[in-house]
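First the structure, in the form of C-alpha cells, and then the observations on it.
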Amino acid sequence: MATPLNLKELSKKELRFTSGHRLCAGCAAPTVVKMILLAACDWPVVVASATGCLEVSSCISTYTAWKVPWIHNAFENAAATLSGVETMYRALKKQGKIDKDIKFIAISGDGGTYDIGFQSLSGAMERWHDMLYVCYDNEAYMNTGIQRSGATPTYADTTTCPAGAVIPGKPQQRKDLTKIMAAHGIPYVAQASPSHWPDLMKKVRKALEIEGPKFINVFTPCNRGWRTRTDDAILISRLAVETCFWPLYEVENGVTKVTFKPREKKPVVEFLKAQGRFKHLFEPGKEKLIAEIQEMIDKNWERLLKEEEMFASKEESQ
Amino acid sequence: MTKVVAVTGNEAVANAFRQIEPDVCAAYPITPQTELMQRFAAFVSNGQVKTEMILVESEHSAMSACVGAAAAGGRVATATSSQGLALMWEILFIASGLRLPIVMPVVNRALSAPINIHCDHSDAMGARDSGWIQLWSENAQEAYDNTIQAFRIAEHMDIRLPVMVCYDGFIISHSIERIEYLDDEVVKKFVGEYKPLYPLLDVDNPKSYGPLILTDLYHEVRKAHSEVYKKVPKVVVDVAKEFKKISGRSYGLFESYRLDDAEIGIVILNSAAGTTKDVIDEYRERGIKVGLLKPRLFRPFPYEEVGNALKNLKAVCVLDRADAFGGSFGPLYLDIAASLCNFKEKPVLINRIYGLGGRDYMPEHAQGVIDELIEIAKTGKVKVLKEYIGVRE
Ligand SMILES: Cc1ncc(C[n+]2csc(CCOP(=O)(O)OP(=O)(O)O)c2C)c(N)n1
Ligand code: SF4
C-alpha cells in the first residue's frame, strides 16, 4: 500500500537528501528536493541534476547529499541524460537483467530548464520518456550570481538587468514554461509551491504514478538572489500563491484544474515589498510599474480560471 | 566462416553494430554518417537486435543520452560527423572524465564555414584532446574491424574510456568495397558480455556521478586520469592479437609500410594511405627507399613507438587532412614532430596540407611529395616547411 502523504507517516521515512549539503541557509531548493523524494518514498528513484546551485552544493567530492543514485552531466542536458538512463533501464528490463520498478526524476533550475536546457527538455518530452522533470524555479541564474533568466519576472532587479535610472529591472515578461510544457501534450504538467506542501507532494505522487513524460514547475525562493530574510522562503512562496503570482494548478491529459484558489486574492505589493529585488518599484513615481505587474497577474489568473471552466463545462456535458 | 561481401563503409559498420548489439544507441542524422544509423535502425525495426534506440533532437543530446545510458550500466554507441561532433564537444569531455566506455564511429567531414559535406579530418582533430581514444581506419574493412575492437578496448577494466572510430566520409562511408565479415557468433563471443561498473541502476548501492571537485583535488584527479591513458596502447595491442586469432588480420598501434629500410617516408591517416602505398610501390620498383607510417591509435598518441619507427629516416613528410588555423603546423605533424624531438639523429620534417573538404588526393600528389623528399634527403635543404598541396591555381 502506498505511504499516506501525511506528516505522521512521512516522518517515519528516510530522508534521501541528507543534511550537510552546502546550499545557503534558508534556501528553498533542498526543502523542495526533500518533499519530492518523500513523495516518491515508495519507489527506488534515480535522479539527474543540471549544473546549478543544487548540483554544485550537494555533491562536492568526496561527499554527496544524495542517498539515491544521482547523476550530473552538464548545465543544459539533465533531460537528455535521464533519457539515456531511462532507456538503458528499459533495455535491461526487456533483457531480464533488472526487475525493479524504478522512477526517474530530473531536478534542474530555471536556467537549465527555461533557457539553455529547453531543447533537451522538449526533446525528451516529445520522445515520451517515462520520467518526471522538476524545475526548481528560483527565477534567475543563482549559481553564477543572480543573472536574469527566462523565468525572471518583469521588473526584478538582477545583476545583468540591474534596476537603473533608465531601465527598471528586467523589461520583459517571464516565459510561461508551464503552459509551454502543457502544449507538448504530455500526460501531466503542474505548478507547485513548497508553501502548499501537501499539494506539491500529491502532484509529485500523481505524476510518478502516470507512465510517460511529466513536468512540474516548483516555485523555489532564493534569499540571496531575492534579497529576502533568510528564513522567509516559505512565507514568500505562500504570498506568491495567495497573490496568484504563482497559481497552483495542473494539466492532466489536457484538462486544466486549479488546485488552490485563495479565498481572498492578495494584492501583489505584499509579495513584492517583502523582496529587495523589487525595492526600486517602491520609489516615488514607480507606482505605474506595480500596477502593470498587478494587471499582468490578474489577466493570467482570469485566463487560467476560464481555461479551467472551459474543461469543467465540457466534462459535464459529456 | 567469414563471409565476403561488397558493401559501403557505413553498411559494414552498421553490421558491426548489429553483431555487437549495444543495449542503447542514440542517433541524430548528419551526412555522411546518416546512412550508418539508418541501416542500424532498420535492424532494430526488423527485430534483428534488441537495442533500444534514442532518436534525439540533437547531437548534444545524443552524447548526453549516451552518458546517461552508459552510467546506467550497459553497452552504448552512437555515431556522428563534422558539425555533430562539434556540437557534442562539451559532453565528449564529460564522457571521458566519467570513464564511460561509449563507442562512436566518426565519419570524418569538414567543418563549417563554408559548409561542406565532404571528407577531411578537422572534426576529429578538434576533439583530439577530449580524452577519447581515437582509432583511425584506412578502408571499410578497417572501419569494421576497428569498431569491433573498439568495444573491447573501451570496456577493458583497466581503461573504461570512450572510443572514436574514424573513417573518411564518402571515400569510405559511401564507396562499395570488398569486406570480410566475421560470423555473428564469433563477434558476439569476441566482444563478450558487458560488465557494468558502478551502475546507476543498482539502486541498492547508490552512487553519485559528476561531482564538483574543487582546487584541493581536481589536479590530483586529472593526474590519476592521465595515468589511465598510459595503459591504453598495451590494451590496444592485446585486443588486436586476439582479433587476429578470429580474423587473420593484424593490427598494431600504427601500420608500417615498407618502412624498415626506408630513407624517406610519409605519415598519413586513413584512406589516403591506400593511394600513397601504391605510389610507394612504384618508387620502390625504381629503387627508391620510401616507406609509410599510418597511425591507427592516434589518441593516446604512441609517441615513443612512432619516434623509434621514424628516427632513422632522412626526410619525412607529414600529410595533414586538417589545418590548425593560427597554429604552426597541422595537428598530425605536431605529434610526429614531438615524437622525434628528443632524438639526436632525426629526419628533416615537412608538413603538407591536402584533401580539405573532399578535394581528391591523387597519385601525383604523393609523387610530388616523394620527389620533394628525395631532394631534401639529398641536399638537406627545405624549400618550405608547411604548404597546401592540390590547390587550384
Ligand atoms: C554551457 C554552460 N554555460 C554556462 C554555464 C555556467 N552556469 C553554471 S550554473 C548556471 C546558472 C544556473 O542557473 P539555474 O539553472 O537557474 O539554477 P540555480 O543556480 O539558479 O539554482 C550557469 C549560467 C555552464 N555551466 N555551462
Ligand atoms: S544562491 Fe539562492 S538558490 Fe543558490 S543556494 Fe543560495 S539561496 Fe539557494
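What the table shows:
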{"item": "Sum of -39500 (n - 2.57) over DSSP H runs of 4+, divided by residues of the protein assembly as shown (222 nm, nearest 500)", "result": "-12000 deg cm²/dmol"}
{"item": "Gap separating the Cα centres of segment A:216-241 and segment B:123-153, nearest whole Å", "result": "51"}
{"item": "Calculated Rg and Dmax of the protein assembly as shown using C-alpha coordinates, Å", "result": "29.5, 99"}
{"item": "Rounded to whole Hz, the Karplus (6.51, -1.76, 1.60) HN-Hα couplings of segment B:209-219, x for glycine and proline", "result": "9, x, x, 7, 10, 8, 4, 5, 10, 4, 4"}
{"item": "Greater than 25 Å apart at Cα, pairs in A:Lys93/A:Lys214; A:Lys12/A:Lys214; B:Lys245/B:Lys346", "result": "A:Lys12/A:Lys214; B:Lys245/B:Lys346"}
{"item": "Chain B - convex hull of the alpha-carbon atoms, volume per residue in Å³", "result": "151"}
{"item": "Under the Karplus curve 6.51 cos²θ - 1.76 cosθ + 1.60, θ = phi - 60°, whole-Hz ³J(HN,Hα) for segment B:16-24, x wherever Gly or Pro sits", "result": "4, 4, 4, 5, 7, 6, x, 5, 9"}
{"item": "Rough spin-label spacing in nm, given labels placed 7 Å along Cα→Cβ, for B:Ala338 and B:His174", "result": "3.4"}
{"item": "Percentage relative contact order, segment B:251-393, counting C-alpha pairs under 8 Å, at least six apart", "result": "26"}
{"item": "Most mobile listed residue (B:Phe343, B:Phe93, B:Phe301) in chain B, GNM with C-alpha springs under 10 Å", "result": "B:Phe343"}
{"item": "Range of Cα positions in chain A per principal axis (Å), largest first", "result": "68, 58, 40"}
{"item": "Additional length obtainable on full extension of the chain from A:Arg263 to A:Glu211, 0.36 nm per residue less Cα span", "result": "15.3 nm"}
{"item": "Cα centroid separation, segment B:264-323 to segment B:13-66 (Å)", "result": "34"}
{"item": "Order of A:Glu252, A:Glu302, A:Glu264 - criterion: other Cβ atoms within 10 Å of each residue's Cβ, fewest first", "result": "A:Glu264, A:Glu302, A:Glu252"}
{"item": "Residues whose placed amide H lies under 5 Å from that of A:Ala48, excluding near-sequence neighbours", "result": "A:Ile71, A:Ile105, A:Ala106, A:Ile107"}
{"item": "Hull volume in cubic angstrom per residue (convex hull over the Cα atoms of segment A:135-286)", "result": "117"}
{"item": "B:Arg299 long-range amide H proximity, modeled H, under 5 Å", "result": "B:Gln134"}
{"item": "Using θ = phi - 60° and Karplus 6.51 cos²θ - 1.76 cosθ + 1.60, couplings along segment A:88-100 (whole Hz; Gly, Pro as x)", "result": "4, 4, 5, 4, 6, 5, 4, 7, x, 8, 9, 10, 6"}
{"item": "Amide H partners (placed H, <5 Å) of B:Lys207, local residues excluded", "result": "A:Trp70"}
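No lab work stands behind these numbers, since they all come straight from the coordinates. Predicted, not measured: the structure shown is a model, and the values here were computed from it. Cβ coordinates were reconstructed from backbone atoms using ideal geometry, including for glycine residues, and neighbour counts include every protein chain displayed.
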